[in-house]
1. Can you tell me what the convex hull of the Cα atoms of segment 1-148 projects to on average, as an area in nm²?
2. With both partners inside segment 1-154, how many of the DSSP beta bridges are antiparallel, as a percent to the nearest 5?
3. Of V271, G155, F211, which is farthest along the charge dipole of the chain in the positive direction, counting Lys and Arg as +1 and Asp and Glu as -1 at C-beta?
4. Compute from the Cα atoms of segment 42-94 the Rg and the Dmax, the latter being the longest Cα-Cα distance, and quote both in angstrom.
5. Mind listing P(r) for segment 183-309? All alpha-carbon pairs, 10 Å bins, whole percents.
6. Starting at the first residue of segment 130-145, write each ³J(HN,Hα) from the Karplus equation 6.51 cos²θ - 1.76 cosθ + 1.60 with θ = phi - 60°, in whole Hz, x for Gly and Pro.
7. Given the chain, what whole percent of its Cα pairs are spread farther than 26 Å?
8. So for the chain, if I pair up every lysine 8 or more residues apart or on another chain, how many of those pairs have alpha-carbons under 26 Å apart?
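Since every read-out is calculated from the coordinates, none of them should be taken as a lab result. All of these numbers come straight from a predicted model, not from anything done at the bench. Here Cβ is always computed from backbone atoms with ideal geometry, including for glycine, and neighbour counts include all displayed protein chains.
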Amino acid sequence: MYAIAVHGGAGNWSHTPRQSALLGVERAAEAGRRILEQDGSAVDAVTEAVRIFEDDPLFNAGTGSVLNLDGDAEMDAGIMVGRGLRTGNVAALRRVRNPILVARKVMEMTDHVLLGGNGALRFARAVGFADHDPVTTQRRESWRRRRDDLEAKQGDDRLAALHAMLSTGPRDDDMGTVGAVALDRQGDLAAGTSTGGVTLKLPGRIGDSAFPGAGNYATTHAAVSATGRGELMMRFLTAKVICEDIWNGHPAHTAVERVLREMRKSVGEDVGVIALDSEGDLGIHHLTPAMPHAWGREGSPAIEVRMSA
Ligand code: GLY
C-alpha cells in the first residue's frame with residue numbers, strides 16, 4: 001500500500017484566502033499520490049509535492065519565502081529517506097527556485113548532511129541550478145511595512161520591538177513551512193520539508209527544516225515533517241522524538257498528540273506536524289489555529305483536504 005500527507009504550514013492563516021491554501025495542499029498531495037500510484041518511490045513523491053509548494057507563491061517556501069531583516073530570502077530545506085537514514089539539507093540558501101531539489105542533490109551527490117549559505121549556493125550552481133529571485137512583490141511589501149514600523153522606533157523601544165518580534169509566536173500573516181511524508185509500495189518512507197523561515201529573522205538564522213531530527217526525519221518506522229517556530233523543534237528534536245515514539249509501538253496518530261502535548265508543556269505551542277508510520281497510519285496535529293493539509297492513500301482515489309486537524 002502507499003500513502004502520502006502534506007502540510008502548507010502551521011499558523012493563523014487569517015489573511016489568506018483559505019480556498020487557495022486548500023487548493024495548494026490538494027495539488028501537492030495529488031502530485032505525490034500520482035507518483036506512488038505508478039509505483040514510484042516515497043522520496044520522489046515527497047520531492048515533487050514539496051517542489052510544487054515551492055513554486056506556489058502563496059506558501060512560505062521557494063518563491064513566496066518570507067524575508068529576513070535585510071530583505072533577503074534565505075531558505076532552508078531538508079529531505080530524508082528512512083532506509084539507510086539518508087538525508088540532504090540546505091540552509092540559508094539564496095536565489096534558487098527549488099531548495100528541496102538542491103537538498104536532494106546534497107543527499108545523492110555528496111556524503112555531507114547539511115550545506116549552508118554561500119557554500120550551499122556554490123554547490124547549487126555547480127550542479128546546475130540557475131539563478132532565480134524567489135522574492136514576490138507581496139513579500140517585499142510586507143517586509144517593507146514591518147521594517148518601517150521597526151525603524152520608526154528609537155533606542156530601547158526599537159530593541160524591545162526587535163526582541164518581541166524575534167521571540168513571539170506566529171504573526172497573523174505568517175504562514176509556515178511546507179512539507180510532505182510518504183510511504184511507497186516497497187515499504188519505504190521519506191520526508192521532505194522546505195521554508196523561508198520566519199519574517200524579519202536575523203540574517204544567517206537557520207531553522208528546523210534543515211536540521212534533521214528537528215523539523216524533518218525519516219526512519220524505516222516513520223516519516224515526520226514539522227512546521228511552526230523552528231527554535232521549538234530544534235530544542236525538542238520533535239521529528240526524531242515522534243519517530244522514536246512510533247518505534248516504541250505507538251501508531252502515528254497517537255504519537256503526534258503525545259509529543260505535541262509534551263512540547264506544549266516544555267517549549268511552546270507554535271508547532272504542527274504530519275507523520276506517517278510503516279503501517280500507513282497517519283498522524284496530523286497542530287497547536288496553532290490552522291494548518292492546511294491533505295492526504296491520500298491506496299484504495300481511496302480522492303485526496304482529503306482540511307484547514308485544521
Ligand atoms: N519552521 C520553519 C522555521 O522556523 O524556520
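1. Values: hull surface 38.7 nm².
Its Cα hull, projected and averaged over all orientations, spans 9.7 nm².
2. Values: 6 of 9 bridges.
About 65 percent, rounded to the nearest 5.
3. So the residue we want is G155.
4. According to the Cα coordinates of segment 42-94, Rg and Dmax are 12.7, 40 Å.
5. For segment 183-309, the binned pair fractions read 14, 45, 32, 8, 1 percent.
6. 6, 5, 8, 8, x, 7, 8, 4, 5, 5, 4, 5, 5, 4, 5, 4
7. Details: 17897 of 47586 pairs.
Of the Cα pairs, 38 percent sit more than 26 Å apart.
8. On the way: K105/K240; K153/K201; K201/K240; K201/K265; K240/K265.
Lysine pairs, 8 or more places apart or on different chains, close enough: 5.
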